[in-house]
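Presented below is the structure to which this report refers.
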Amino acid sequence: MENGAAERWGFRGNQVLHKASSITVRGVLGKVISNLNPQDRRPVITLGQGDPSAFSSFRTSPEAEEAIVDAVRSRKFNSYSPDVGVLTARRAIAEYLSADLPYKLSPDDVYLTIGCAQAIKLIIKVLALPGANILLPRPGYALYEAHAAANHLEFRRFDLLPEKGWEVDLEGVKALADENTVAMVIINPGNPCGNVFTHQHLKKVAETARMLGILVIADEVYGHLVFGSNPYVPMGVFGSITPVITLGSISKRWIVPGWRLGWLVTNDPNGILCKSGVVETIVSSLNICTDPATFIHGAVPQIIEKTTDDFFSRIIGLLRKTADICFDGLADIPCITCPHKPEGAMSVMVNLNVSLLEDIEDDMDFCVKLSKEESVIILPGFTVGMENWLRITFATEPPSLEDGLGRIKAFCQRHAKKQ
């Protein structure tokens, strides 16, 4: 010891958390973005993240903006909120979700969170018992894996089948599950695939979960954002078959991810989640969590009640248009194959044939060099569990999307192997 300083400090960083967060959408996109060429004067085209809120075509509804202003000016929502959320907001969300269900939800079934991301963190923590495991989709959303790893919850990946419109491989689910499996996650409408599950397939998912004695975590953050032949069916419709925990938010349908208002909802007419102690643990966990800003709670009833169908129809029409532009543009690029035209959400998964390209090692190398040479940002597929695939987000201004696809095509032509 010199000058009274300790030779050994008693603290260090948590390497479990560091490792768990090493592969996330934000983290990987940050690495891709860091390779942008500052000498390129063209605008950067970001096709890597489902946040179109910066684009004028995707502006949220005036009613939602006015609801925020009214909530703030009312001075009724300047205090701390209850741990589970303000009652009027929970009631409004229960009524909103119940419109698509064969039974009525109670406000007591609804728990407000800081966006859907906190809902994911919450339910993973609740289910992370010693020795337990959870089944996650591949491709999927990396945040589930990150939180599972951080909470020492083993995760096992089941496949989504591109040749079947990205349906769940239910036989694979059965093979993965054992007596320690607690839940399976589905994302519908699909992120990253842009698929929409049919009523029939979701029923089979519920029946499989019931047979295995597990609950279904239904990530429906893109709920109602569908524009193909399959209508949106919430997993809660099948809550009487197996317990369903629905995760959602206003982020995507209202195009306001920065407002950070989400929910965790128990769809469980048979009361199994209460009997098993899951509901009690959810409430206990919320007691030691931070809450969404109270004025956002206060705005929710007005946001839901007063937003017009014209707004939703306009957003759906715009997403349908950009999905068509994306699908048609990708068809002109030989090294990229889109196995299933997107029918919902804001992104699509495409296969990258690196054997047709010179000097491209894999999907990450492709995205890094595309960023550097063309100032276009897309997400490498390994981030969502599939190497040598790409996730492309089409929720952007149509001219910008067309420009971006043109740059991707030029990049692929420039790197194509010579015949």
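Looking at the range 260-279, is at least one residue assigned to a loop (DSSP other than H, G, I, E, B), over 20 Å from the mean Cα position of the chain (by Cα) and β-branched (Val, Ile, Thr)? Show your work before the answer.
Residues of the range 260-279 assigned to a loop (DSSP other than H, G, I, E, B): 260-261, 268-271, 276-277.
This time we only want the ones that are over 20 Å from the mean Cα position of the chain (by Cα), so: 268-271, 276-277.
Narrowing the set further to residues that are β-branched (Val, Ile, Thr) leaves none.
No, the range 260-279 contains no residue that is assigned to a loop (DSSP other than H, G, I, E, B), over 20 Å from the mean Cα position of the chain (by Cα) and β-branched (Val, Ile, Thr).
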Given (1) closer than 28 Å to MET346 by Cα; (2) touching a His at 6+ places or on another chain (Cβ under 8 Å), ASN37 misses just (2)
Please find, within the range 234-259, the residue that is surrounded by the most Cβ atoms within 10 Å (Cβ to Cβ) out of those that are in contact (Cβ under 8 Å) with a residue 40 or more places away in the chain, aliphatic (A, V, I, L, M) and assigned to a loop (DSSP other than H, G, I, E, B). ILE250
Test for ILE377: is it under 21 Å from VAL28 (Cα atoms), modelled with pLDDT of 95 or more and out of contact with any Ser or Thr (no Cβ under 7 Å at 6 or more places or on another chain): no
Of the residues in the range 315-335, how many are open to solvent by less than 10 Å² (accessible area, probe 1.4 Å), more than 19 Å from the chain's Cα centre (by Cα) and among the aliphatic types (A, V, I, L, M)? 2
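From ASP324, ASP332, grab the single residue that is of a type in the set (Asp, Glu) and either free of Cβ contacts under 8 Å to residues at least 24 places away in the same chain or touching a strand residue (DSSP E or B) at 6+ places or on another chain (Cβ under 6 Å) (or both). Don't jump to the end; show me each part of the working.
Working: ASP332 fails: either free of Cβ contacts under 8 Å to residues at least 24 places away in the same chain or touching a strand residue (DSSP E or B) at 6+ places or on another chain (Cβ under 6 Å) (or both).
When all the criteria are applied, what remains is ASP324.
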Could you grab the pairs with beta carbons closer than 6 Å, sequence gap of 6+ or different chains, first residue in the range 81-93 and assigned by the TED database to the domain that holds GLN118, second one in a loop (DSSP other than H, G, I, E, B) and open to solvent by 60 Å² or more (accessible area, probe 1.4 Å)? ASP83/ASN287
Yes or no: SER74 assigned by the TED database to the domain that holds ILE214 and hydroxyl-bearing (Ser, Thr, Tyr)? yes
List every residue pair whose Cβ atoms lie under 7 Å apart, where the two residues are 6 or more positions apart in sequence or sit on different chains, the first residue falls within the range 292-312 and is open to solvent by 10 Å² or more (accessible area, probe 1.4 Å), and the second residue, located anywhere, is β-branched (Val, Ile, Thr) and in a loop (DSSP other than H, G, I, E, B). THR294/VAL86; GLY298/VAL86
Tell me yes or no: at least one residue of the range 377-396 is more than 19 Å from ILE23 (Cβ to Cβ), in contact with a helix residue (DSSP H, G or I) (Cβ under 9 Å, 6 or more places away or on another chain) and part of a strand (DSSP E or B). no
Check the range 112-127 and report whether any residue there is free of Cβ contacts under 8 Å to residues at least 12 places away in the same chain, open to solvent by less than 40 Å² (accessible area, probe 1.4 Å) and over 12 Å from ILE245 (Cβ atoms). no
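Quick check on my filter: what residues within the range 336-357 are under 18 Å from GLU402 (Cα atoms) and not in a strand (DSSP E or B)? Write out each step before concluding.
Here is the first cut: in the range 336-357, the ones under 18 Å from GLU402 (Cα atoms) are 336-338, 341-342, 346-350.
If the condition is that a residue be under 18 Å from GLU402 (Cα atoms) and not in a strand (DSSP E or B), then CYS338, LYS341, PRO342, MET346 are the ones that fit.
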Answer from ALA206, ALA183 - the residue that is at pLDDT 95 or above, part of a helix (DSSP H, G or I) and under 23 Å from ILE120 (Cβ atoms): ALA206
Could you list, in sequence order, all residues of the range 281-297 that are among the β-branched types (Val, Ile, Thr) and at pLDDT 95 or above? THR281, ILE282, VAL283, THR294, ILE296
From the option list ALA410, ALA331, ALA395, ALA345, single residue qualifying as at pLDDT 95 or above, on the phi > 0 side of the Ramachandran plot, not assigned by the TED database to the domain that holds VAL226 and not hydroxyl-bearing (Ser, Thr, Tyr) is ALA345
Pick from the range 385-414 the residues that are within 23 Å of the chain's Cα centre (by Cα) and without any contact (Cβ under 8 Å) to a residue 40 or more places away in the chain: which of them is most open to solvent (accessible area, probe 1.4 Å)? GLU387
How many residues does the range 94-105 hold that are loosely packed, with under 15 Cβ neighbours inside 10 Å and free of Cβ contacts under 8 Å to residues at least 40 places away in the same chain? 2
Condition first: open to solvent by 40 Å² or more (accessible area, probe 1.4 Å) and part of a helix (DSSP H, G or I). Now tell me which residues in the range 45-89 satisfy that. SER56, PRO62, GLU63, GLU65, GLU66, VAL69, ASP70, VAL72, ARG73, SER74, LEU87, THR88
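The values are calculated or read from the model by the stated rules, or taken from the named source; none is laboratory data. Computed from a predicted model, the values in this text were never measured in an experiment. Ideal geometry is used to build each Cβ from the backbone, glycine not excepted, and the neighbour counts take in all protein chains shown. Just the protein is used for accessible areas: all its heavy atoms, side chains included, with ligands, DNA and RNA removed. Shrake-Rupley method; radii C 1.70, N 1.55, O 1.52, S 1.80 Å.
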